[in-house]
1. Any residue in the stretch 134-152 that is more than 21 Å from ALA102 (Cβ to Cβ) sitting within a Cβ distance under 9 Å of a residue that is modelled with pLDDT of 85 or more and among the small types (Gly, Ala, Ser)? List the pairs, counting only those 6 or more apart or interchain.
2. Within the stretch 90-105, does at least one residue satisfy the condition of being farther than 18 Å from ASN202 by Cα, at pLDDT below 95 and open to solvent by less than 40 Å² (accessible area, probe 1.4 Å)?
3. Mind listing whichever residues of the stretch 566-590 are touching a strand residue (DSSP E or B) at 6+ places or on another chain (Cβ under 8 Å), open to solvent by 10 Å² or more (accessible area, probe 1.4 Å) and modelled with pLDDT of 70 or more?
4. Are any of the residues in the stretch 93-104 of a type outside the set (D, E, K, R) and not in a helix (DSSP H, G or I)?
5. Within the stretch 380-390, can one find any residue that is crowded, with 18+ Cβ neighbours inside 10 Å, at pLDDT below 60 and of a type outside the set (A, V, I, L, M)?
6. What residue, among those in the stretch 266-294 that are in contact (Cβ under 8 Å) with a residue 12 or more places away in the chain and in a loop (DSSP other than H, G, I, E, B), is most open to solvent (accessible area, probe 1.4 Å)?
7. Can you pull out the residues in the stretch 68-85 that are within 24 Å of the chain's Cα centre (by Cα) and outside any loop (DSSP other than H, G, I, E, B)?
8. For the stretch 51-61, state whether one or more residues are aliphatic (A, V, I, L, M), in contact with a Gly (Cβ under 7 Å, 6 or more places away or on another chain) and in a loop (DSSP other than H, G, I, E, B).
Amino acid sequence: MKRNPQGINLDEGVPLKGQQDFDILHLDLFPKETEELNFWLNNGTVPLRLGGQIGTGKTTLINKVLSDAGVTPDITLHFDHESINPKQGEFYGIALAGFIAAALKFQVDLSEISLPEELNHAECSTWETLHTVLSPAKRTLAAHRLRRSVIAEFEQDTDYINGVLTDIAKAITVQKKKPLFILASGIDKFTTSGAAFISIQNLLNTLASFKTLFEVNAVHLFLKEVSGAFSRTEKLCLTACTDEQMQALIRKRMGVYSTSIHDNLIKHLADHASGNPRQALRLLVHYLEAKKQRIAGDDCFARAVLATELDYFLYADKPSDGLIDVVKKDSSLLSNMFMLPGDKETALRALYGNWILITDQPDKNGLWPVTVNRLIETIFNKPQAPDEPEKILLKHYADIHDQSAQGLSLPTSWKSHQATLDQLNLDHGLELNLAEILDVLAAALLSKDRADRVIIAYRDAELVQPARDYLFAKANTFEYQACKHLSLPGGSTESPLEALDDLLAEDTNTSIDIYSLDFGEQWTPKQLTALDSQRDAFIFSQMIWWIPEKVLKSYLSHWTQLRQLFEIYILDDELLGSLSEEDIQADITFFSDLVEEVDESAPGSMVNSLKAVLQYLKKVKHG
């Protein structure tokens, strides 16, 4: 990702990697943990679980420590984005590819291990060809399907594959004459009760036999160690940062333009970040978006808070009021509170969803300091006057400007978008008209240097095609961009994850700049959860996901990780009233004059799309 050495750098929290990233953007947010991780690298002999909540900066910390130490893991396994389809065989395919690559690198003799000869595929009868099949140099649909066929064999006898991995690792250790160092990343995307985590547990136990650094979520630090995954491991937890650190992060991302934001505003953005770096960046992104839309200064902070709250917690599983009351009262929880079995009332689920945040290391009695995420504090307030959420946001505004909140009121234009903050269960979501959605998406659709991701929910299916055509045409107005659309029907008889995996593996003459995916209404909870665990596979892609509004609540409740990357908008036909028929007709005339044949250029495509939008608009308004 390109970085601006002096100016603004916003990326929705993509992990930093490489010297340029570190030189321009890195802040030492975890000095103590950095020292402990360095000590483990140099002296550790047992596996280490490095854990933290979503958005704390685990991957960035790992990348920075390894870079500064000049250490490269012997084997690096990315379980969260090397495959879209998190099945047991896929996990073993990822692991075998990594282990074989290391063995080939260190010129280890694997002749005593006969796995390649035992597979029913002539294409991988040697270790070299097996590695090529499991980790093809060029992603093609044929290579992808061959790989899938091979790893299906692994699922038939995972105990045997675990033995093969152990034998390879031991052979590498003998050849190197020092312990094998493995980095297993992306495990933080798997919920402790999800099918993916259950499928990967035996493999994790195999990896725990070596010096392995596991990147995990904070919830994985509380798993019982008697049996199952992560037995025999040390633990290191990244906790919430201080408000001062969040202020420094915001200023760092604003570069030379940091002075354009009032110090009090930076303090309030940092306060609402609740010590979570990614949350701070999302608040800053929404604040700057509001400024670009020329929203009144009084309103930008309120918009940023509300929009971030909706992005992260819209339709998420809400913890019990009782749990939040305990956290508010005691600001702490015992370790055993995170290990209780059960449903959404458990602290474990609240922790995974960032409803509550760990603020420091536990004391000697296992008491963990925790706090309620500032973004959702008002959701759990006792019922008060209907305008209580307004008063709270106005108080923040008054604080920023060092004045009294008495007598202030929110602008009428903002009230039309006001959500009911005491329960994140919107009847219509955050409604925007098509023109406003296009403005918000412009940065993503008009530049190949961006990698933004948007969910657009819709009520009227008739509106989707002309809206999609309009977006695609707009993306090609200033520079050519290849747009690929795919329908992904879910359901027990469908395989949408495999279809998506195939799409990303396709060998096309022109690379795809924008992926547009229509999810339909039938995705199962298992399919939705599996997709959520592969969040990082989409970090560097421009994505527009189309989802029927009637299932949006159900889908988002399974997407704790994906909500961190996607902004959410509701496309509503009645709000097309803000698009004038006269204005659209004028645009059609303008673009038609630019080309002789409307089907042979980007402006021509814009004409066809504008005509479709105009036709739909007339139908809605005039019947």
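1. The qualifying pairs are ARG148/GLY89; ARG148/GLY93; ALA152/GLY89.
2. no
3. GLU567, ILE568, TYR569
4. no
5. Yes: one or more hits.
6. Selected residue: GLN293.
7. Scanning the stretch 68-85 gives THR76, LEU77, HIS78.
8. The answer is no; no qualifying residue exists.
The values are calculated or read from the model by the stated rules, or taken from the named source; none is laboratory data. Computed from a predicted model, the values in this text were never measured in an experiment. FYI the Cβ positions are ideal-geometry reconstructions off the backbone, even for glycines, and counts take in every protein chain you see. Please note that ligands, DNA and RNA were not included when accessible areas were found on the heavy atoms of the full protein model with its side chains. Shrake-Rupley method; radii C 1.70, N 1.55, O 1.52, S 1.80 Å.
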